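Encoded as structure tokens, the structure appears first; notes follow it.
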Amino acid sequence: MAQHFWIVGTDTDVGKTVVTAYFMRHFQKKGKSVTPYKPVQTGIITENNKSYYGDTAFYQSLSDSHLIERHLNSYSFKESASPHYAAMLEDSEIKGEVILEHIKKLKTMYDFLICEGAGGLYVPLEEQRDYYFLHLIKQSQLPVVLVTRTKVGTINHTLLSLEALEMQDIPIVGIVFNGFEGTNLEMNNIATIQNFANLPYLIIPKLKNLSDLKDIQIENDKFFEGLMSL
């Protein structure tokens, strides 16, 4: 059985790409065919006369098998900004139907398609028609894993995001708390969110180096049973 889902975040820079790579590696180790897919990425990086996009480059660097470049992304824009604005600067526009068609094709090719959002749920994709990432997720008919922080502010951001997903009747597989450092504050934040949400969850520790993701082992039977039963 094929399982496909979104990795979405409560905000930008909460670690969606790290979590996407973690799940990619988890299922690769189980012998599954997997591709991550970042429909829209912004912010080109230039180093040593070489240009690349951080998210898809990170997928490639952490993958145990070769990833097909054209399967990883539909839209890339140079400016590090909200997708709709980055597209506008290049006299371009993001079309939801293009992304949905890409998802449809990839679903037929892989055991696991892991779609990664951009920013938070209400990041605009097409400003003129008030089309947000949340609407794209709804149209894709795929469930989500919500990535959030563990620090101050996470309770509000997480509960608002959960409420937005529930209002759209988007299935929520579980929550990933990313960047955990083991403080009492963080533990209370997680407990408070769980008292409200009562969802399966994973905790990813704060990584000294992103490459350390290769070595971490996080097991939660309830979480992965939910993911595998999609």
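The values are calculated or read from the model by the stated rules, or taken from the named source; none is laboratory data. This one's a predicted model, so the numbers in the text were calculated from it and none came from an experiment. We place every Cβ from the backbone using ideal geometry, glycine too, and count neighbours over all the protein chains shown. Protein only, heavy atoms only, side chains kept; ligands, DNA and RNA dropped before computing areas. Shrake-Rupley method; radii C 1.70, N 1.55, O 1.52, S 1.80 Å.
What the table shows:
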| quantity | calculated |
| --- | --- |
| Residue list for the range 26-68, restricted to those being part of a helix (DSSP H, G or I), within 22 Å of Y110 (Cα to Cα) and either open to solvent by less than 20 Å² (accessible area, probe 1.4 Å) or not basic (K, R) (or both) | H26, F27, Q28, D55, T56, A57, F58, Y59, Q60, S61, L62 |
| Number of the condition not met by Q141 [criteria: (1) touching a Ser or Thr at 6+ places or on another chain (Cβ under 7 Å); (2) open to solvent by 30 Å² or more (accessible area, probe 1.4 Å)] | (1) |
| Any hit, the range 164-178, residues being assigned to a helix (DSSP H, G or I), without any contact (Cβ under 8 Å) to a residue 60 or more places away in the chain and surrounded by fewer than 14 Cβ atoms within 10 Å (Cβ to Cβ) | yes |
| Residue tally, condition in a loop (DSSP other than H, G, I, E, B) and either out of contact with any strand residue (DSSP E or B) (no Cβ under 9 Å at 6 or more places or on another chain) or of a type in the set (A, V, I, L, M) (or both), over the range 1-25 | 5 |
| Selection count where residues are over 16 Å from F27 (Cβ atoms) and in contact with a helix residue (DSSP H, G or I) (Cβ under 8 Å, 6 or more places away or on another chain), scope the range 205-222 | 3 |
| Residue within the range 179-191 that is in contact with a helix residue (DSSP H, G or I) (Cβ under 7 Å, 6 or more places away or on another chain), on the phi < 0 side of the Ramachandran plot and either in contact (Cβ under 8 Å) with a residue 40 or more places away in the chain or surrounded by 11 or more Cβ atoms within 10 Å (Cβ to Cβ) (or both) present | yes |
| Residue match in the range 203-216 (condition: open to solvent by 70 Å² or more (accessible area, probe 1.4 Å), part of a helix (DSSP H, G or I), in contact with a Phe, Trp or Tyr (Cβ under 8 Å, 6 or more places away or on another chain) and not charged (D, E, K, R)) | yes |
| Number of positions in the range 87-135 that are closer than 20 Å to S63 by Cβ and assigned to a loop (DSSP other than H, G, I, E, B) | 4 |
